[in-house]
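Below is one structure, written out as structure tokens; comments come after it.
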Amino acid sequence: MNFVVDKVYSFKLNSGEELIAKVKSVNLPHIEITDPVSVVAGQNGGLGLVPSLFTAKPSSLVTINTNSVALVASVDENVETKYIQATTGLTIPEKKVLVG
């Protein structure tokens, strides 16, 4: 897969854990990411996002070895919106069409 810097991806690790993070640089077999969050089961059967590294400095670069990654995919637009909210605190308004 060709990674695009500053794009958000979903990583399924060999351990079964799913991470969502923004790619900052690629130097295979390593990828540097920022703001990694883990996907966890939430209340009422939904999904939640929690920090993957509780003790790391916020927004520090994290290195992933691609040998530890089973699957990689671009994230769904709704998931990316939730990721931005979880990592920045910003709420992105819904896209609406103005009619006059």
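The values are calculated or read from the model by the stated rules, or taken from the named source; none is laboratory data. It should be emphasised that the depicted structure is a prediction, and the values quoted were computed from it without experimental measurement. With ideal geometry, Cβ positions are generated from the backbone for all residues, glycine too; neighbour counts draw on all protein chains shown.
Could we say that residue 62 is touching a Pro at 6+ places or on another chain (Cβ under 8 Å) and aliphatic (A, V, I, L, M) here? So residue 62 passes the test.
Applying the criterion of at least 2 residues that are modelled with pLDDT of 95 or more to the strands (runs of 3 or more DSSP E) found wholly in the stretch 1-92 leaves 8-13, 18-27, 30-41, 61-65, 69-74. Within the span defined as the stretch 37-49, every residue fails to be without any contact (Cβ under 8 Å) to a residue 40 or more places away in the chain, out of contact with any Leu (no Cβ under 6 Å at 6 or more places or on another chain), closer than 21 Å to residue 1 by Cα and exposed (fewer than 13 other Cβ atoms within 10 Å of the Cβ). Output the residue which, of all residues in the stretch 3-26 that are of a type in the set (Val, Ile, Thr) and free of Cβ contacts under 8 Å to residues at least 24 places away in the same chain, is surrounded by the most Cβ atoms within 10 Å (Cβ to Cβ). The extreme case among them is 23.
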